[in-house]
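Participant: Provided herewith is a single structure, encoded as structure tokens, for subsequent inquiry.
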Amino acid sequence: MLLLNCGAAFLAGTSAVISGITTPFTGGTSIPLTVLAHSAALASSLQCGDSAGRVYNEWVDSSTNEKYLDSKRWYTNSKLGLDLIGLAASAVVLPKTFKSAAQLNLKRLVKSGELSHLYKVEQIPKEIIVDLIDGIGAVFTITGSAVDGNIYNIIVHFVTEAEN
């Protein structure tokens, strides 16, 4: 979980910085995405810190996490809330990432002359790079949630219900 959470935090932070820098050039249209990127970066950073603390606790005393953290409702609810913020950001980001991946293919077709000019070539790379960074971070977030988060809890619930 440490690598997934910290990888997602790094990518979300990178995206937040890049989208914050581009806000003045987009006339403010990227402000909602910047807020989303900052929220995802903060949630992922907190998850990264939590994962690092849990790894340390396991190294020092393996009962610490269960005794002092996992048994506390505020802690488990906080973890699920942070996971939910990351999943919400991922739900917004992934369609945009798929669209950007399609634009990469369009860019290749434009350069090869198979299609007429669709976009200014200078505008595409920054947007696509940010979207792809966001998409990779979203995959990290979703994978982390499937390993130990809201998605995992839903899967466990359905499997448990199916067994009963």
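Computed from the coordinates by the stated procedures, all read-outs in this text should not be read as laboratory data. Everything quoted here is computed from the prediction, not taken from an experiment. Counting neighbours? That spans all protein chains shown, and the Cβs are built from the backbone with ideal geometry, glycine included.
Participant: Suppose R0 equals 22 Å. What FRET efficiency, 1/(1 + (r/R0)^6) with r the Cβ-Cβ distance, do Ser78 and Glu58 give to the nearest 0.05?
Facilitator: Working: r = 19 Å, r/R0 = 0.87.
Efficiency, rounded to the nearest 0.05: 0.70.
Participant: Next question, about the same structure. Taking θ = phi - 60°, what integer Hz values does the Karplus form 6.51 cos²θ - 1.76 cosθ + 1.60 yield along region 150-164, in sequence order, with x for Gly and Pro?
Facilitator: Working through the residues one at a time gives 4, 4, 4, 4, 5, 4, 4, 4, 5, 5, 4, 5, 5, 6, 7 Hz.
Participant: Per residue of region 38-49, in order, report the coupling 6.51 cos²θ - 1.76 cosθ + 1.60 (Karplus, θ = phi - 60°) as ³J(HN,Hα) in whole Hz, putting x for Gly and Pro.
Facilitator: Listing the rounded values in order: 5, 4, 5, 5, 5, 4, 5, 5, 5, 5, 4, x Hz.
Participant: Taking the highest mean first, how do the peptides 96-103, 156-163, 133-140 order by number of other beta carbon atoms within 10 angstrom per residue?
Facilitator: Numbers: 96-103: 15.0, 156-163: 8.8, 133-140: 22.5.
So the order, starting with the most tightly packed, is 133-140, 96-103, 156-163.
Participant: Among 39-46, 78-85, how do they line up by average Cβ neighbours within 10 Å per residue, starting with the highest? Can you show the working numbers first?
Facilitator: On the way: 39-46: 21.6, 78-85: 17.0.
Final packing ranking: 39-46, 78-85.
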